[in-house]
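Following: one structure in structure tokens, then a few remarks.
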Amino acid sequence: MAEELTPETPEETTEEQAIKQRKNGLYPGVSDELAENMKSGWADTELHGLEPIAQADKTAARRAALSARFPGERLVIPAGNLKTRSNDTEYAFRASTEYAYLTGDQTQDGVLVLEPTADGHEATLYLLPRSDRENGEFWLDGQGELWVGRRHSLTEAEQLLGVPAKDVRELAGALREATGPVRNVRGHDAGIEAALTDKVTAERDEELRVYLSEARLIKDSFEISELEKACASTARGFEDVVKVLDKAEATSERYIEGTFFLRARVEGNDIGYGSICAAGPHATTLHWVRNDGDVRSGDLLLLDAGVETNELYTADITRTLPINGRYTELQRKIYDAVYEAQEAGIAAVKPGAAYRDFHDAAQRVLAEKLVEWGLVEGPVERVLELGLQRRWTLHGTGHMLGMDVHDCAAARTEAYVDTTLAPGMCLTVEPGLYFQADDLTVPEEYRGIGVRIEDDILVTEDGNRNLSDALPRRSDEVEAWMAALKG
Ligand SMILES: [Mn+2]
């Protein structure tokens with residue numbers, strides 16, 4: 001990539017200074033003639049009559065609900081800023097979930113402000129406008145459109161998002177001047193936080209964060225269609241992986257990671273979380289994301305991955321596949337036990353059921369199997385009471401799913417783990433059994449085997465719907481599916 005032009009005077013501190021420097025021709029190699037030349041000869045590319053984004057009515061309803069919860073208070077929800085990767089390169093930007101949920105926008109440095117009015121709130125989006133041609137910022141500033149690409153004008157953004165838009169460079173100053181109660185979603189935009197530092201409290205800001213987490217517990221129709229898309233793309237990504245297992249065997253787990261990532265980038269925005277591409281004993285490491293190990297025929301591959309859609313909803317699916325296409329007898333025994341546990345868990349997902357029911361149902365099956373296999377002394381009730389099965393099951397059986405893979409994580413206990421399931425909730429059911437390579441309490445042949453099966457389950461009016469059922473789960477069906485894909 002090309003290097004940016006840098007001013008001779010490095011101690012520029014404000015936007016005003018930077019603009020002045022450009023005007024004064026302080027950039028090396030930029031003659032007054034060139035600066036003048038660059039000002040003109042550009043077509044007007046303003047877009048007119050833009051249709052609102054598909055979820056515009058949904059984001060408006062979400063803002064209305066937020067407004068009703070915090071009457072009379074100014075609410076500040078930032079998208080976040082670029083994060084440095086090294087020197088002058090940055091990580092790919094991903095807008096904050098709260099901001100994208102309320103606006104449908106994903107612009108870096110954007111800030112949504114809900115200004116209290118007599119009968120609710122007035123929403124304003126603060127965005128970076130199109131680059132100025134007159135002062136040269138479009139080609140002399142690192143965030144100029146010549147460097148980073150065209151962005152929407154404020155008028156275009158208003159049409160697309162259905163919210164009035166203003167220049168974000170004026171926001172911090174305005175927030176400093178403003179009076180009255182204010183809350184901010186923390187952790188995304190240090191500049192906005194600095195402007196508000198004397199006006200907010202951690203406790204009140206946390207209440208805003210908690211509200212926005214709990215607001216996402218029930219998915220609307222747009223969100224459900226996004227989760228369906230995410231699951232469909234993820235299923236295709238898993239098929240991609242099965243087709244290249246021979247290439248992974250010749251290289252490493254990285255081939256699997258890269259293959260899935262290609263699908264995520266072509267069909268969606270990104271992967272929703274670091275893909276777990278765990279072959280052989282790596283499957284017993286719950287969050288194995290180094291993905292630098294060997295892929296060997298005869299071992300299992302635990303693939304836990306999800307495509308994040310362009311609107312930032314992610315799937316979270318796990319399949320544990322025999323790398324050569326056939327489970328060994330012991331692998332199948334363990335796999336079928338986890339499958340049975342998952343079936344019990346999925347059956348417990350229905351409106352009115354306690355959130356904890358699906359976990360309990362799955363754990364009971366796993367405990368029964370462990371007792372049956374002689375790995376832990378029964379009776380099963382004693383095992384469950386003491387939690388002894390957890391040596392080999394390790395984690396909870398699922399979590400809410402949405403824009404964040406572990407969605408609604410700031411929700412209060414009474415609104416999440418202690419609540420009852422309701423239509424529109426989407427959660428994962430993902431039991432597993434993991435026998436560590438160095439676990440001396442199990443027979444040697446068990447060691448290094450890890451199995452997890454994970455699906456994305458939507459609570460419906462009369463039960464549930466498995467959004468990820470395009471991928472087979474039963475061991476014999478997994479084998480048939482793999483055989484068909486490998487041809
Ligand atoms: Mn999960």
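The values are calculated or read from the model by the stated rules, or taken from the named source; none is laboratory data. Please read these numbers as outputs of a predicted model, since none were measured by experiment. For neighbour counting, all protein chains shown are included, and Cβ atoms are generated from backbone atoms with ideal geometry for every residue, glycine included. Surface accessibility is based on the protein's heavy atoms, side chains included, excluding ligands, DNA and RNA. Shrake-Rupley method; radii C 1.70, N 1.55, O 1.52, S 1.80 Å.
Data table
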item: Given (1) buried (at least 16 other Cβ atoms within 10 Å of the Cβ); (2) at pLDDT 95 or above; (3) not in a loop (DSSP other than H, G, I, E, B), number of the condition Gly173 does not satisfy; result: (1)
item: Filter result for the condition that a residue is in contact with a strand residue (DSSP E or B) (Cβ under 7 Å, 6 or more places away or on another chain), assigned by TED's automatic domain parsing to the domain that holds Phe238 and away from the ligand (no atom under 16 Å from the Cβ), over Val338, Val289, Val295; result: Val295
item: Among (1) under 30 Å from Trp392 (Cα atoms); (2) of a type in the set (D, E, K, R); (3) open to solvent by less than 10 Å² (accessible area, probe 1.4 Å), the one test that Asp292 misses; result: (3)
item: Matching entry among Gly306, Gly298, Gly325 (being in contact with a Leu (Cβ under 9 Å, 6 or more places away or on another chain) and at positive phi); result: Gly325
item: Single match in Thr397, Thr393 (criterion: within 30 Å of Tyr99 (Cα to Cα) and either touching a residue at least 40 places away in the same chain (Cβ under 8 Å) or away from the ligand (no atom under 16 Å from the Cβ) (or both)); result: Thr397
item: Residues of region 404-424 that turn out to be surrounded by fewer than 19 Cβ atoms within 10 Å (Cβ to Cβ) and within 16 Å of the ligand (Cβ to nearest atom), as a count; result: 3
item: Elements of type strands (runs of 3 or more DSSP E) in region 424-487, at least 3 residues being among the aliphatic types (A, V, I, L, M); result: 455-460
item: Odd one out for Ala361, checked against (1) outside any loop (DSSP other than H, G, I, E, B); (2) surrounded by fewer than 20 Cβ atoms within 10 Å (Cβ to Cβ); result: (2)
item: Neighbours by Cβ (under 8 Å, 6+ apart or cross-chain): first from region 471-485, under 17 Å from Lys333 (Cα atoms) and modelled with pLDDT of 95 or more; second assigned to a loop (DSSP other than H, G, I, E, B) and open to solvent by 40 Å² or more (accessible area, probe 1.4 Å); result: Glu479/Arg326
item: Restricting region 394-403 to residues that are surrounded by fewer than 22 Cβ atoms within 10 Å (Cβ to Cβ) and of a type outside the set (Gly, Ala, Ser), the residue that is nearest to Asn269 (Cα to Cα); result: His399
item: Every pair of residues 6+ apart whose Cβ atoms lie under 7 Å, when the first sits in region 292-316 and is in a loop (DSSP other than H, G, I, E, B) while the second is within 12 Å of the ligand (Cβ to nearest atom) and open to solvent by 10 Å² or more (accessible area, probe 1.4 Å); result: Gly306/Gly272; Gly306/Tyr273; Gly306/Val405; Ala315/Gly272; Asp316/Gly272; Asp316/Val405
item: Test: residue in region 368-378 that is away from the ligand (no atom under 16 Å from the Cβ), surrounded by fewer than 16 Cβ atoms within 10 Å (Cβ to Cβ), more than 27 Å from the chain's Cα centre (by Cα) and modelled with pLDDT under 95; result: yes
